[in-house]
Amino acid sequence: MSQQLIQLKSKRHKEVAPIKPPEIIPSTFWIYQQKLKITFYTAIYIWRSKHSLASTRRFFMAFIAPQSYRDRIKTRLEGSCNNCGHCCRVNFNCPFLKELPDGKGQCTIYLTKHAPKVCVAFPLDPWDLEEIQRAIAPNKCSFSFAPEPLGKILGIRLPIKIRKLLKIGADA
């Protein structure tokens with residue numbers, strides 16, 4: 001059963017051009033060979049870099065985090081990918097990243113069935129995005145998360161007058 005991949009879109013930011021599929025899609029053997037290489041590099045760097053540990057967490061969270069958690073977090077996601085490619089060059093250059101003449105990057109397998117679930121689900125949560133921001137500093141990721149409403153943080157439903165004062169809406 002094939003799953004159609006979609007590019008995340010922002011509710012609050014301007015529209016960007018959709019990702020175009022690459023002209024040449026690599027062979028399946030080469031893709032799996034490169035995925036094995038990435039796994040090997042991540043295992044080596046896990047003791048040297050905080051980002052490798054975070055990418056291992058991201059890998060497992062992409063598979064084991066409940067869908068309800070991912071859906072709740074994605075409702076607060078703002079922004080869209082601007083194809084800068086900085087997140088693909090943190091510890092090592094991703095072999096699937098193709099450099100474009102305008103300085104941006106394009107993943108050669110993102111729109112295929114071989115797209116890593118980790119990349120498709122990025123960013124998983126605010127902690128994940130903070131780690132990427134730290135790793136690519138001084139560059140900035142175009143994604144961001146809206147703050148959690150105060151009522152949800154406290155675990156209570158605030159009175160209407162307080163919600164209006166705090167401007168958090170009627171659904172907090």
**Complete:** Per the C-alpha gyration tensor (a ≥ b ≥ c, the square roots of its eigenvalues), region 28-141 is rounded if a/c is under 1.5, else prolate if a/b beats b/c, else oblate; here it's rounded
**Message:** Starting from the 7 Å offset along Cα-to-Cβ, what nm value, one decimal, do you get for the label separation of residue 50 and residue 28?
**Reply:** 4.1
**Loop-located trypsin sites (Lys or Arg not before Pro) in region 22-72, at most 14 other Cβ atoms within 10 Å (DSSP)** = 48
**Message:** Just want the ordering: 102, 125, from fewest to most Cβ atoms lying within 10 Å of their own Cβ.
**Reply:** 102, 125
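Every read-out reported here was derived from the displayed coordinates using simple, explicitly stated rules and does not represent laboratory data. Just so you know, these numbers come straight off a predicted model, no measurement behind them. FYI the Cβ positions are ideal-geometry reconstructions off the backbone, even for glycines, and counts take in every protein chain you see.
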